[in-house]
Amino acid sequence: MEDVYNLIQERNSYETIPFLPIHASNFFLSNLADALQTRCESLEKQYYLEQQQLLVEAHQIEEAAQDHGTNTNDNDPSTASSSENTRLRVEVAQLHSGLKEKIKKELHSTADMEARQALDSLQEEKLAQEITISSLKMELERSNEITTHLQTELENAKSLTRLSEKQFDGLKDAIRQLQVENEEKTTLNERLVENAVAEKEKMAEQFNSMNDMVEKLQKEISMLRSYNKKSEKGWFRLPNSQKESKSTTAAKGTSADDTAAAQARKWGAFGAVLPSKPLYTIKAHREDASCVMYDGTNLNLVATSSSDATVRVWDTSNGQLQATFSGGGSLPMTGVDMSGGLVTCCGADKTCRVWQYKTKRLIHQLAGHSQKITCVKLFPGEKNIVTGSADRSIRIWDISRHIYTQTTTFRHSSTANCSDVFVETQPVVTGHLDGGVRFWDVRSGDRVLDIPTLHEGGVTSVQWKPGSSHQVLTCGRDSTMKIIDVRTQSVVKTFRNSALRILSNNARCSFSPDAAGKYVACGGGDNGDVFIFDVATADLKKRLSSAHQSGVVGLAWGKGGTNGQQIATVDKSGVLVLWA
């Protein structure tokens, strides 16, 4: 409608301009007619005045003639007076007629000249107006064509508008139906998820009960075998059995003493040990590894996760495989943690799984995230788990009971790549894809601190400093590590090296396990080297190379258990290196 209005305004401007000279000529002719009227009135007035003057002169001449006649009568009254009167009348009549002719000629000559000029100007104006009228007619025809075209377009627009309104109404109905279907499918999906979780829990319970039954049956079988052996040998060998039991008890006592002595030799109690060479190099997984973590209860165990959908536990004293856990079909495992006899992992199947290491039983499947889970961490005490996901949520799970519960959910606008927990009462710290670090209060569910844009490209690792509740180590895609002070919200140390490159979103760094956190370490994402920095000076203390043939994606620095082995790394080709 605005286009139609603009076209009508344009047409009015085209039609108005040609009438401007007509209006000007009309105004000129009106002024000319007024001037001629004024001129005519002035000439009539002059004519009237001259006529009055002639009458006065004629009257004076008559009086003079009468006076002259009277004087003549005194001499020759009859002849002289009559002839003089006649002559004077003739002269007055001639003067009167001459004056009339003169006035008429003057009036006619002036009027003819002005009329002729006015006629010429009128003819010129008429010619110009005819030209203007012809152009206006052409413009009018064109305007009529434009108007007809605009009317046609207006009708088409109206018909299109009606069609669009019908289509819009149809789309609204379709959207309503889709919304109803979406709600129904969402409800169905939630019900299916609940059913699937219930079925998984039921299957896990059945699997656990079957494992218990197998263990009982195995015990019964071993007991029956021993009973058969004793039946064959007879009961008279009971004293020897007592001796054997005594010797067994003595052996156990000796073993307990050795274990106590070994535990007294834990390296973590004395501080960090800088490695110098690879102790064991193990092809841990068929595909690329994603994470490595030591057992948090200081056992000689380390767990690895991989894209081959498995989690494996290794003995750090001999490099032997101790257990393999699988789940999620063929989807990759993205994170792992181990502590207190529990092994937990997360993956791209949106599920976090918890196994009991001793029995190899699956005890929990934590379902609730809508996209892949990117990180997992056990709380101290192994009663709670924190998970971060690509759905931009961070969830706290209570696994202290037979059936897990989700207690708290934190939400943010960026994916959490990593998380760490110091103690139960301290906030959970998370590193995000947007380069920021956030701190969350577990009890209230609130975000208590936000340090944005700490690393360019995203944060890949966060760790509380051992023995400190106010310093956090971070690693980022900008190939730097930083120590931040939570109290001042500032960076107190920055570690970088020209050869150190961070190329993965789950690349991990770590403090040394001594109480002072004297060193920090990180793996190179392209060259496979391990970089160890001195915290006090931020200088490179040691660089370990030649063990990995591809980029390091995971690093863990544990307390060492009973054998003192403290640093483990995994790379993109699935190789695990235990350093000594």
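In percent, what relative contact order does the chain have, based on Cα pairs under 8 Å that are 6 or more apart in sequence?
For the chain, the relative contact order is 10 percent.
Which shape class applies to segment 277-373: rounded if a/c is under 1.5, otherwise prolate when a/b exceeds b/c and oblate if not, where a ≥ b ≥ c are the square roots of the Cα gyration tensor eigenvalues?
oblate
Per the helix-only calculation at 222 nm, which mean residue ellipticity applies to the chain, given -39500 (n - 2.57) for every DSSP H run of n ≥ 4 and division by its residues, nearest 500 deg cm²/dmol?
After summing the helix terms and dividing by residue count, I get -16500 deg cm²/dmol.
Can you spot the lysines whose alpha carbon is less than 26 Å from K126's alpha carbon? Ignore those fewer than 8 places along the same chain.
Answer for K126, where 26 Å is the Cα cut-off: K137, listed by chain and number.
How big is the charge dipole of the chain about its Cα centre, in debye rounded to the nearest 20, if each Lys and Arg gets +1 on its Cβ and each Asp and Glu gets -1 on its Cβ?
With only Lys, Arg, Asp and Glu charged at Cβ, the dipole is about 8520 debye.
Within segment 99-143, which residues have the backbone N less than 12 Å from the label spot 7 Å out from Y14 along Cα→beta-carbon, could you tell me?
Only 136-143 fall inside the zone, counting backbone N under 12 Å.
Among R401, R142, what's the order by accessible area (1.4 angstrom probe), most exposed first?
My answer, sorted largest first, is R401, R142.
Would you kindly calculate the mean projected area, averaged across all directions, of the convex hull enclosing the Cα atoms of segment 336-436, in square nanometres?
Averaging across all directions leaves 6.0 nm² for the Cα convex hull.
With a/c under 1.5 counting as rounded, go ahead and sort segment 443-482 into rounded, prolate or oblate using the C-alpha gyration tensor (a ≥ b ≥ c being the square roots of the eigenvalues; past the cut-off, prolate if a/b is larger than b/c, else oblate).
Verdict is oblate for segment 443-482.
Can you order the peptides 437-443, 188-194, 11-17 by their average number of other Cβ atoms within 10 Å per residue, highest first?
437-443, 11-17, 188-194
With +1 on the Cβ of every Lys and Arg and -1 on the Cβ of every Asp and Glu, and nothing else charged, how large is the dipole of segment 505-561 about its Cα centre, in debye rounded to the nearest 20?
140
Write down the Kirkwood hydrodynamic radius of the chain, to one decimal in angstroms, obtained as one divided by the mean of 1/r over all alpha carbon pairs.
That comes to 34.0 Å for the chain.
The values are calculated or read from the model by the stated rules, or taken from the named source; none is laboratory data. Keep in mind the model is a prediction, meaning the values are calculated, not measured. Methodologically, a virtual Cβ is constructed for each residue, glycine included, from the backbone with ideal geometry; neighbour enumeration extends over all protein chains shown. Please note that ligands, DNA and RNA were not included when accessible areas were found on the heavy atoms of the full protein model with its side chains. Shrake-Rupley method; radii C 1.70, N 1.55, O 1.52, S 1.80 Å.
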